[in-house]
1. Taking the stretch 229-239 only, how many residues are in a loop (DSSP other than H, G, I, E, B) and either more than 10 Å from the ligand (Cβ to nearest atom) or among the polar types (S, T, N, Q) (or both)?
2. From the list GLU66, GLU76, which one is of a type in the set (Asp, Glu) and either more than 16 Å from the ligand (Cβ to nearest atom) or not assigned by TED's automatic domain parsing to the domain that holds ILE127 (or both)?
3. Looking at the structure I just gave you, is ALA183 out of contact with any Leu (no Cβ under 9 Å at 6 or more places or on another chain) and more than 18 Å from PRO137 (Cβ to Cβ)?
4. Here are ILE122, ILE75: which of them is without any contact (Cβ under 8 Å) to a residue 40 or more places away in the chain and assigned to a loop (DSSP other than H, G, I, E, B)?
5. (1) in contact with a Gly (Cβ under 7 Å, 6 or more places away or on another chain); (2) buried (at least 19 other Cβ atoms within 10 Å of the Cβ): which one isn't true of GLY225, the others all being true?
6. I'd like to check something: does the stretch 248-271 contain any residue that is within 16 Å of the ligand (Cβ to nearest atom), part of a helix (DSSP H, G or I) and over 30 Å from GLU371 (Cα atoms)?
7. Can you tell me which condition GLY241 does not meet? The list is (1) buried (at least 18 other Cβ atoms within 10 Å of the Cβ); (2) touching a residue at least 60 places away in the same chain (Cβ under 8 Å), and all the others hold.
Amino acid sequence: MTSTERAAEIDLDALRHNIRHLRDIAHPARVMAVVKADAYGHGAVPVARAALEAGAAWLGVAHVSEGVRLRKAGIEAPILAWLHTSGTDFVAGVEHGLDLGISGWELEHVTAAARELERPAIVHLKIDTGLGRNGCPPDKWDALLSRAAQYQEEGLIRVVGIFSHLAMADEPARPETDLQVQAFREAVAAAENAGIDVEIRHLANTPATFSRPDCHFDLVRVGLGIYGLSPFSDQGSADLGLQPVMTLSTTVSNCKEVPAGQGVSYGYAYRTQKPTTLGLIPVGYADGVPRIATGAPVLVGTRIYPVVGRIAMDQLVIDFGTTGLVDTPDSPLGKRAVLFGGTGSPPVEDWAAAAQTINYEVVTRISGRVERVYIDRTQDSVQNRAQEAGRDGDA
Ligand SMILES: *Cc1c(COP(=O)(O)O)cnc(C)c1O
């Protein structure tokens with residue numbers, strides 16, 4: 001068990017549940033599982049496989065390199081990559097059959113790759129409907145459409161999709177989303193007028209999938225939700241019918257009684273008020289635990305204890321608030337310590353609040369030093385059945 005004593009458990013059954021739930025919500029639109037950034041820290045390849053098993057139709061990544069990695073792992077489902085630089089290997093993207101998001105300048109690079117490979121590139125044109133990041137500005141949209149239509153004539157590309165990204169769907173009442181939907185509809189109409197047959201229109205992210213059915217169109221691009229987390233400040237995972245997928249846990253690696261006035265960790269940002277017991281938790285900012293999250297919860301046994309003092313590179317400290325534990329059967333030494341996770345664990349949102357950030361960032365930044373342990377009861381039972389079938393065959 002030592003190898004899993006500092007682990008991010010990834011519950012693939014919870015992930016499958018979330019995908020099926022999101023499919024129901026999005027229906028008849030289909031679901032793209034967004035697995036960029038190593039599946040928000042959950043592990044891109046196992047997450048992509050489980051998502052496809054549960055009925056996701058598409059995978060989404062930011063970078064071509066992320067998509068190529070999925071292809072090299074044997075994943076054949078449609079994959080869209082939408083964020084490129086002048087160093088992006090578009091030839092690899094086209095060669096591996098990735099769909100490519102195009103906001104403007106990339107079109108020339110993608111058509112060059114298509115020419116080189118003598119194989120058309122599959123593209124989705126991206127309109128900036130107001131986010132102000134990637135996407136073609138509305139005043140350049142007609143020019144992009146006519147260039148794309150011409151390249152399509154020449155057989156260098158096939159335009160299959162039009163997409164855009166929302167700025168504030170996590171605040172459903174905001175009127176800006178209505179303006180973005182309107183701008184999106186106009187961009188799609190302009191594409192059709194330019195002779196482009198738009199098969200797949202996609203706009204929604206996780207919050208819009210839940211709160212704005214008018215944004216579903218043909219496909220929803222869901223990241224956070226497939227990991228079982230809520231994008232809304234006033235609703236948690238359970239309120240949305242989701243199950244958190246990542247549980248970050250370790251064991252209490254040291255436990256000691258200290259007097260009143262003991263300084264704890266660098267800078268003595270915390271001093272004990274009374275004689276107490278301190279527990280050492282062997283995860284720190286090198287593991288991606290935010291350094292500023294002093295006060296965040298750690299569950300040991302049935303109780304939650306706050307992180308005290310500064311979080312260090314490899315470790316943090318909790319205060320058990322009592323004495324008489326050390327060298328007794330009640331000693332926390334070696335007991336499981338859960339920072340965040342699913343039902344019964346502190347929610348990751350408590351860590352996000354302590355770190356002045358959002359749940360997206362906390363899970364995504366859990367570093368490669370933390371082992372990912374995959375829980376997969378469905379697959380285990382499939383394997384067991386296969387083994388049993390094999391034994392029967394031998395007998
Ligand atoms: C990351 C991303 C998504 C997924 O967003 P969530 O809020 O995690 O669902 C969807 N579309 C684009 C373009 C993205 O960059």
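The values are calculated or read from the model by the stated rules, or taken from the named source; none is laboratory data. Everything numeric in this text was worked out from a predicted model, so none of it was measured. Cβ sites come from the backbone with ideal geometry, for glycine too, and all protein chains shown count toward neighbours.
1. The qualifying residues number 7.
2. GLU76
3. Taking the combined requirement at face value, the residue does not satisfy it.
4. Only one candidate qualifies: ILE75.
5. The single condition GLY225 does not satisfy is (1).
6. Scanning the stretch 248-271 turns up no residue that is within 16 Å of the ligand (Cβ to nearest atom), part of a helix (DSSP H, G or I) and over 30 Å from GLU371 (Cα atoms).
7. (1)
Per-residue answers, yes or no, for (1) part of a helix (DSSP H, G or I); (2) within 21 Å of PHE210 (Cβ to Cβ); (3) within 16 Å of the chain's Cα centre (by Cα):
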{"position": "ALA14", "(1), (2), (3)": "yes, yes, yes"}
{"position": "ALA33", "(1), (2), (3)": "no, yes, yes"}
{"position": "ASP38", "(1), (2), (3)": "yes, no, yes"}
{"position": "ALA51", "(1), (2), (3)": "yes, yes, yes"}
{"position": "ARG69", "(1), (2), (3)": "yes, no, no"}
